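K.L.:
Supplied in structure tokens, the structure appears directly below.
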Amino acid sequence: MKRVRESASSKLCGIPLSPGIIVGTAYQAEPSAPSFYRLRITHEEVDQELRRFEEAVAQSRNQLESIKQRLENLVGKERAYIADVQLLILEDQRFRTEIRDRIVRHLCSPERAIREASEEWLSLFRSLQDPFFQERGSELKDVEDRLLANLTEVNGNGKNGHLPDALILVAPEVTLSVLADYQLERIKGLVVTKAGTASHVTIIARSYQIPMVSGIEDLAEQVHTGDTVLVDGCEGIVYRNPSHREARHYQSCQEKKQRSDTTVDDNDAGPSTTVDGRPVHLYLNTETESEVASGLGQGAEGVGLFRSEFMFVKNTAAKPTASRRRTRATTPNALLTEEAHFDVYRRLALAAGGRLVILRTLDTGEAGLISGEQAGTDKASLGLRGIRLSLKHPEIFRLQLRAALRASQYGNLKIVFPMVASVDEMIAGRQAAEEVRAELQREGIVFQQPVEIGVMLEVPAAILMLDNILNYADFAAVGTNDLIQYTLAAGRADDVVAGRFSPLHPAVLLSLKKVAEASLRANKRAYICGELASDPLYAYILIGLGFQHLSLHLRELSSLKRVIRGTHYAEAQHHVDQLLALPTVEAVNRFVAENLAPGKTWERRGE
Amino acid sequence: MLRKVIRVENQLGLHARAAARLVRTASRFESQIKLTSLNNARETDGKDILGVMLLAASCGTELQITAEGTDEEAAIAELVQLVQENFQEQK
């Protein structure tokens, strides 16, 4: 597997999706559709080829069974249906008969028989008008690819036998089934072309602390199986065959980081203050209540962002109880029972122990409801998602609001609507919440105080309408990633590579400035909930802009605390004022490089 | 032979997961199961996952279920219940 060619070192820049640094051996996930050349067989070969086909079926079945098993462990029974559908396709009698017929009667090679039979079905799927059902053909395509792969023995039995130890999986796109195909524990790093910050693979990579970088084009050309690669999931950089110098540099960075990580007292809760005494409050971004306790232990003052869409795809659905059957008629599927949501939200509120919990209502596109892919990927970024989706499907919205309002009795729960682009949507959303509140009151649930409802600021239109929107919001939360993406009309992988996705673009800074000022004027809190806050430089700028409430991933809490304690607020303000006066991205970058480079500001005092 | 028409009420219609559940249920019976979408007149064997997905039965589709065989009564009853319950997992 080792390549003979001694390749030169090269540096590839992408998007950091899951932090951590790892050096390992690249392994290209096999191309999903192997090519074959034998199209016809002879009469004498029929029996033997039929056997070969049946063996491939049996092998595929075993693989899918074990994928199903692993998926169940990974994402719950509900999500594992992907494997189940493919198993059923494999066993589909008509499909099987058509393939066998082609082999026996038309003397097709099994490879060709499979492809032709599959293609016939696929053309039927393509002819469907409903794009959602059209898309179901991809399940069949997956099965076809698996059968062909097993037949041509490209990835035959067990990928895990001959894999490198420090396995860095390299693939244009990694689906859940690819991830399950390899043993997750063996994957030490992930380098992909396409993946969103909220895709399932990213979430899994983060929870298993697998460094991950996406947005690297031409992977097949850039990285080969056997290459030594260094994956920097913090900066989004991949070094192919890193030089000793680069590797050493990273090693020492890592050691330094480990040292400093341990110098922060994990039990040190409460707000951190800047050098000149301005408090900055930290909160936790999470999709599971299990992280809340450790978050609180590391200084988070609550949950600044709970991503509820995970609820819609994960198997957390409790069995609906008889007493709540009244919601059944409008409940679309088992994942969406009010009781299941209530149960999770209540546990979340309890885990936070009276501290803030901001629950974001469903933030995904319509396809996300179905396939489980979440917002943040290219396809899902525009159109029907977030509050728009909720307003279009009042039954889902109502269910979620009921669950949230009921759970608010167990702690300090607030609700935030994502993707708001107009005042109208805030009004409609609030009205829905008010109706639910009145309904619950009629059912005997008395609210001590109204549940606060905030607006997620991520669509530029909402920034333009900010003062008006804040009249209908009790607080604001900025989704920085989406705000940048929509403001700059850039967010795709190639945008990042080309530098078009630029968090320090003057337009982004101006938008953030506007949020800080308007929320101050309206006397409403503004939370920063995006990934931006987790980068020391951006955090420094956010503090300088005046933000005092930052919400971020558990892992980033302690390092951000260090940044806050090393920051001089008045100085940061001054820096930001200078930044805001700069008209070009280039000038901003130069200013940052000259004045805000690591070691010049917060780190000086942070030690 | 038994026949019953029922409306698909779950939001996503007979999407992959629902289709899988339906096919698994149908396959437990010896009877021949036929599904017809009265909206687009497509028809399929209820034990055939590809056919069921190709019904493209979205929310609101009138679905006709036909069962013929020794256990047709039980088959119809269970399939109707499954659709009525919006394909909730049956324990």
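K.L.:
Test residue A:440 against the stated conditions and say whether it is in contact with a Leu (Cβ under 8 Å, 6 or more places away or on another chain) and either at pLDDT below 95 or of a type in the set (A, V, I, L, M) (or both). Before you say what the answer is, go through the steps one by one.
P.N.:
Working: in contact with a Leu (Cβ under 8 Å, 6 or more places away or on another chain): yes; either at pLDDT below 95 or of a type in the set (A, V, I, L, M) (or both): yes.
In short, yes.
K.L.:
Run residue A:97 past the list (1) surrounded by fewer than 20 Cβ atoms within 10 Å (Cβ to Cβ); (2) modelled with pLDDT of 90 or more; (3) more than 14 Å from chain B (Cβ to nearest Cβ) and report the number of the one that doesn't hold.
P.N.:
(3)
K.L.:
Can you tell me which of A:415, A:463, A:427 is touching a residue at least 40 places away in the same chain (Cβ under 8 Å), in contact with a strand residue (DSSP E or B) (Cβ under 9 Å, 6 or more places away or on another chain) and more than 30 Å from residue A:347 (Cβ to Cβ)?
P.N.:
A:463
K.L.:
Something else about it: Restricting attention to the stretch A:442-461, does a residue exist that is of a type in the set (Phe, Trp, Tyr) and closer than 30 Å to residue A:12 by Cα?
P.N.:
No, every residue in the stretch A:442-461 fails to be of a type in the set (Phe, Trp, Tyr) and closer than 30 Å to residue A:12 by Cα.
Conditions (1) at pLDDT 85 or above; (2) in a helix (DSSP H, G or I); (3) surrounded by 13 or more Cβ atoms within 10 Å (Cβ to Cβ), marked per residue:
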residue: A:188; (1), (2), (3): yes, no, yes
residue: A:202; (1), (2), (3): no, yes, yes
residue: A:247; (1), (2), (3): no, yes, yes
residue: A:265; (1), (2), (3): no, no, no
residue: A:270; (1), (2), (3): no, no, no
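K.L.:
Of the residues A:107, A:128, which single one is of a type in the set (A, V, I, L, M), surrounded by fewer than 20 Cβ atoms within 10 Å (Cβ to Cβ) and within 13 Å of chain B (Cβ to nearest Cβ)? Spell out the reasoning first.
P.N.:
Values: A:107 fails: within 13 Å of chain B (Cβ to nearest Cβ).
From the options A:107, A:128, the qualifying one is A:128.
K.L.:
Mind listing whichever residues of the stretch A:49-80 are at pLDDT 75 or above, open to solvent by 10 Å² or more (accessible area, probe 1.4 Å) and not basic (Lys, Arg)?
P.N.:
Across the stretch A:49-80, the qualifying residues are A:50, A:54, A:55, A:58, A:59, A:62, A:63, A:65, A:66, A:69, A:72.
K.L.:
Now, a different point. In the stretch A:331-363, how many are charged (D, E, K, R) and modelled with pLDDT under 85?
P.N.:
Kept after step one, since they are charged (D, E, K, R), are these residues of the stretch A:331-363: A:338-339, A:343, A:346-347, A:355, A:360, A:363.
From what is left, the residues that are modelled with pLDDT under 85 are A:363.
The total comes to 1.
K.L.:
Shifting gears a bit: Here are the criteria: (1) buried (at least 23 other Cβ atoms within 10 Å of the Cβ); (2) more than 21 Å from residue B:17 (Cα to Cα); (3) modelled with pLDDT under 70. Tell me which single one residue A:401 does not satisfy.
P.N.:
(3)
K.L.:
Select the helices (runs of 4 or more DSSP H) contained entirely in the stretch A:47-149, then report the ones holding at least 3 residues which are in contact with a helix residue (DSSP H, G or I) (Cβ under 6 Å, 6 or more places away or on another chain). Steps first, please.
P.N.:
Numbers: elements: A:81-91, A:93-104, A:110-126, A:131-135.
Passing ranges, in order: A:81-91, A:93-104, A:110-126.
K.L.:
Please state which of the following conditions residue B:74 fails to meet, knowing it meets all the rest: (1) farther than 20 Å from residue A:132 by Cα; (2) of a type in the set (Gly, Ala, Ser); (3) without any contact (Cβ under 8 Å) to a residue 12 or more places away in the chain.
P.N.:
For residue B:74, the exception is condition (3).
K.L.:
Taking the stretch A:209-240, which residues are at pLDDT below 90, closer than 12 Å to residue A:10 by Cβ and open to solvent by less than 10 Å² (accessible area, probe 1.4 Å)?
P.N.:
A:216, A:223, A:227
K.L.:
Does residue A:427 satisfy the condition of being out of contact with any Phe, Trp or Tyr (no Cβ under 8 Å at 6 or more places or on another chain), under 18 Å from residue A:394 (Cα atoms) and either at pLDDT 90 or above or assigned to a helix (DSSP H, G or I) (or both)?
P.N.:
Values: out of contact with any Phe, Trp or Tyr (no Cβ under 8 Å at 6 or more places or on another chain): no; under 18 Å from residue A:394 (Cα atoms): yes; either at pLDDT 90 or above or assigned to a helix (DSSP H, G or I) (or both): yes.
Against the criterion (out of contact with any Phe, Trp or Tyr (no Cβ under 8 Å at 6 or more places or on another chain), under 18 Å from residue A:394 (Cα atoms) and either at pLDDT 90 or above or assigned to a helix (DSSP H, G or I) (or both)), residue A:427 does not qualify.
K.L.:
Can you tell me which residues in the stretch A:404-424 are out of contact with any Asp or Glu (no Cβ under 8 Å at 6 or more places or on another chain), outside any helix (DSSP H, G or I), closer than 16 Å to residue A:474 by Cα and open to solvent by 20 Å² or more (accessible area, probe 1.4 Å)?
P.N.:
A:412, A:422
K.L.:
Residues A:492, A:565: which one is open to solvent by 50 Å² or more (accessible area, probe 1.4 Å), of a type in the set (Lys, Arg), over 13 Å from residue A:280 (Cβ atoms) and modelled with pLDDT under 90?
P.N.:
Working: A:565 fails: over 13 Å from residue A:280 (Cβ atoms).
Just one listed residue meets the conditions, A:492.
K.L.:
In chain B, which helices (runs of 4 or more DSSP H) lie fully inside it and hold 2 or more residues that are at the interface with another protein chain (Cβ under 10 Å from one of its Cβ atoms) and open to solvent by less than 40 Å² (accessible area, probe 1.4 Å)? It would help to see each step written out before you state the result.
P.N.:
Numbers: elements: B:16-27, B:49-54, B:72-84.
In chain B, the matching helices (runs of 4 or more DSSP H) lie at B:16-27, B:49-54.
K.L.:
Quick test for you: out of A:67, A:82, A:41, A:89, pick the one residue that is touching a residue at least 12 places away in the same chain (Cβ under 8 Å), out of contact with any Phe, Trp or Tyr (no Cβ under 9 Å at 6 or more places or on another chain), within 11 Å of chain B (Cβ to nearest Cβ) and within 20 Å of residue A:149 (Cα to Cα). Can you show your working first?
P.N.:
Numbers: A:67 fails: within 11 Å of chain B (Cβ to nearest Cβ); A:41 fails: within 11 Å of chain B (Cβ to nearest Cβ); A:89 fails: out of contact with any Phe, Trp or Tyr (no Cβ under 9 Å at 6 or more places or on another chain).
The unique qualifying residue is A:82.
K.L.:
Another question, if that's okay. Looking at the stretch B:7-19, I want the residues that are more than 14 Å from residue A:81 (Cβ to Cβ) and among the β-branched types (Val, Ile, Thr) and have a partner that is assigned to a loop (DSSP other than H, G, I, E, B) and open to solvent by less than 10 Å² (accessible area, probe 1.4 Å) with Cβ atoms under 9 Å, at least 6 apart or on another chain. Which pairs are those?
P.N.:
Matching pairs, first to second residue: B:8/B:14; B:8/B:57; B:8/B:61; B:8/B:86.
The values are calculated or read from the model by the stated rules, or taken from the named source; none is laboratory data. Small disclaimer: the values here were computed from a predicted structure and weren't measured. Counting neighbours? That spans all protein chains shown, and the Cβs are built from the backbone with ideal geometry, glycine included. Heavy atoms of the whole protein, side chains included, go into the accessibility calculation; ligands, DNA and RNA do not. Shrake-Rupley method; radii C 1.70, N 1.55, O 1.52, S 1.80 Å.
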